[in-house]
Each structure stands twice: as structure tokens, then as C-alpha cells.
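Below: one structure, written as C-alpha cells.
The values are calculated or read from the model by the stated rules, or taken from the named source; none is laboratory data. The model shown is predicted, which means the values in this text are computed figures rather than measured ones. Neighbour counts run over all protein chains shown; Cβ positions are idealised from the backbone, glycine included.
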Amino acid sequence: MIENPLENKFHRTIVGLDEAGRGPMAGPLVVAGVVFPDGYTNPELDDSKRLSEKKRERLFAVIKQDAVWYDIEFVDEQTIDRKNIYRADQEAMFQIAKAAPADIVLTDAMPLDGLHKHVESIIKGDHKSISIAAASILAKVSRDHYMYHLDALYPQYGFAKHKGYPTKQHKEALRRFGVLPCHRRSYAPVKEQLEPRLF
């Protein structure tokens, strides 16, 4: 993992950042940051997409227990529509990184300009950095829990299954039942449903 040489070189504390939910057309974006003790290791931690849901759930508790500090932020659909998903993600990461008790910031390919800390934007960082991997798990599990909540409110949309992504099932539910407050109105499939139609 990339943390060890950075810790040895700079003798500083590291925060890893990642998000879940950039692609879905419903539900929030969730951004997380994790600071582990110096030299912390856990061979089970990896990119959340590489782990089963059962394993993510178990590691979710382990990360919160072992971390020196962590933060999980929800960015609502209105903010995503107003700022665009990239900017909303970047600004949430910036605020978490700013608040984190760490001098080095590792992100999964997200540049953070203007932050008065050493920032490294790492391609496939959620597989190369233990703290980014942990952040990806916190973000993914937190978002999944939220989507299960939406599924209980709106069972006909199938949120528990597709998690808000633009699947065939979700698009069909959108056409059949309409746009919900949790839908991102700037995303094309939702936008199309909101446009007036001439019959």
C-alpha cells in the first residue's frame, strides 16, 4: 500500500478520501474520509467494488472501530443538480480533507486545489491505498443503507436492487410511476421525464 513510504518520507498523518454514488440517477452522493494510526494494516481492505456486500458490512464496523478519525458526508440531489456531480464530489472531499487531523491527503483520482496540505491524486487509489479503500467502504455501505431506506418508502422503484443506477428496471419504474424527490433532475433519463410532451 502507498501509505507506508509516505509515512516514512514525510512522518505525517494521512487521510484517504473516496465517494460512492456518482453514477446513479437517484439518491445522494456519499463521500468519506478515513485516518488510520501510523503503520496500520489490514489485508482485507480493498476497493469496495471488489468486496461482497457481507464483507463490506463487516469491514464497515472494523474501520469505524480502528480509525483514529473518520467522516461520512451525504450530498443531496439538489446540490448535485445545482453544482454538477464532479464539483459536488470535489467540494465535499475538500471540506472533509480540510477538517481531517492529517497533513497528507490521498484521493481516488480527484485533484483538490487550494488545500494547504500535501495532496496526492492516485489513479485506482481505492485499490492502492488502505485509507482510500476504507473510505470507499464507508461511503458505499452508508449509501446502500440509505437506498434500502428509499426502497422501503418507494418499493415499486426497486431501489434495494439497483441502488439508483439507471438500469432497465429503474428507467421503466421512472416512466411508469414518475419522478421522485430523490431523483437527480439534471440526469438525462430523469430530465426526459420532466420535459413537457406533445400528444
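The single condition among (1) touching a Ser or Thr at 6+ places or on another chain (Cβ under 9 Å); (2) under 18 Å from Asp38 (Cα atoms) that Lys117 does not satisfy is (1). Of the residues screened, Gly158 is one that is of a type outside the set (D, E, K, R) and modelled with pLDDT of 95 or more.
Tell me which helices (runs of 4 or more DSSP H) are completely within the stretch 63-172 and hold 1 or more residues being free of Cβ contacts under 8 Å to residues at least 12 places away in the same chain and under 14 Å from the mean Cα position of the chain (by Cα), or say none if there are none.
Numbers: elements: 77-83, 85-99, 125-128, 130-153, 159-162.
Result: 85-99, 130-153.
Mind listing just one residue for me: the one in the stretch 173-195 that is outside any helix (DSSP H, G or I) and among the charged types (D, E, K, R) and, of those, surrounded by the most Cβ atoms within 10 Å (Cβ to Cβ)?
Start the filter on the stretch 173-195 by keeping residues that are outside any helix (DSSP H, G or I), which leaves 178-187, 195.
Keeping just the survivors that are among the charged types (D, E, K, R) gives 184-185, 195.
Details: Arg184: 24, Arg185: 16, Glu195: 6.
Among those residues, the one meeting the criterion is Arg184.
Scan the stretch 4-18 and give yes if some residue there is of a type outside the set (Gly, Ala, Ser), modelled with pLDDT of 95 or more, in a loop (DSSP other than H, G, I, E, B) and over 16 Å from the mean Cα position of the chain (by Cα), otherwise no. No, the stretch 4-18 contains no residue that is of a type outside the set (Gly, Ala, Ser), modelled with pLDDT of 95 or more, in a loop (DSSP other than H, G, I, E, B) and over 16 Å from the mean Cα position of the chain (by Cα).
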